[in-house]
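Undergrad: Just dropping this structure here.
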Amino acid sequence: MSSPLARRRDTLAAQVTELHWDLGGLAYEMAIRDHFRLDVLVRRAAVLQERDAELAEVERLLRMEEDGSAGDCSNCGAPHSRGAVFCWQC
């Protein structure tokens, strides 16, 4: 049975993959129509960047979990590394 953190990693990895796919498809559709909307691309890329950063943090926490060094953010309840008061986002 996998831990909640491992399940979160798997969910985030699937989201990052889908967001990459969607962003590429969006750019392609704009290219074939010769009508780029940079604002739309930037917003979608920002969402992808947020999920990718969260995925990296969860993967780091999973590596640290072996040492029992993770905790919960006192502000939002998200996991964080040992010694931190807040998570990577707060």
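Undergrad: Of these, ALA56, ALA70, which one is in contact with a Pro (Cβ under 6 Å, 6 or more places away or on another chain), open to solvent by 40 Å² or more (accessible area, probe 1.4 Å) and at pLDDT below 95?
TA: Values: ALA56 fails: in contact with a Pro (Cβ under 6 Å, 6 or more places away or on another chain).
From the options ALA56, ALA70, the qualifying one is ALA70.
Undergrad: Given the conditions (1) modelled with pLDDT of 95 or more; (2) more than 12 Å from the chain's Cα centre (by Cα); (3) surrounded by fewer than 12 Cβ atoms within 10 Å (Cβ to Cβ), which single one is not true for LEU23?
TA: It is condition (3) that LEU23 fails.
Undergrad: Output yes when any residue across the range 28-37 is surrounded by 15 or more Cβ atoms within 10 Å (Cβ to Cβ) and either aliphatic (A, V, I, L, M) or closer than 22 Å to TRP88 by Cα (or both), and no when none is.
TA: The answer is yes, given that some residue of the range 28-37 is surrounded by 15 or more Cβ atoms within 10 Å (Cβ to Cβ) and either aliphatic (A, V, I, L, M) or closer than 22 Å to TRP88 by Cα (or both).
Undergrad: Shifting gears a bit: I'm trying to understand the selection: among the residues of the range 1-20, which are surrounded by 13 or more Cβ atoms within 10 Å (Cβ to Cβ) and of a type in the set (A, V, I, L, M)?
TA: LEU5, ALA6, LEU12, ALA13, VAL16, LEU19
Undergrad: Another question, then. Going through the range 1-44 one residue at a time, which ones are aromatic (Phe, Trp, Tyr) and in contact with a helix residue (DSSP H, G or I) (Cβ under 6 Å, 6 or more places away or on another chain)? Walk me through it before giving the result.
TA: As a first pass, look at the range 1-44 and keep what is aromatic (Phe, Trp, Tyr): 21, 28, 36.
Passing the criteria: only PHE36.
The values are calculated or read from the model by the stated rules, or taken from the named source; none is laboratory data. In this text, all values refer to a predicted model and were calculated from it rather than measured experimentally. Reconstructed Cβ throughout: ideal geometry from the backbone, glycine too, with neighbour counts over all protein chains shown. These area figures cover heavy atoms from the full protein model, side chains too; ligands, DNA and RNA do not enter into them. Shrake-Rupley method; radii C 1.70, N 1.55, O 1.52, S 1.80 Å.
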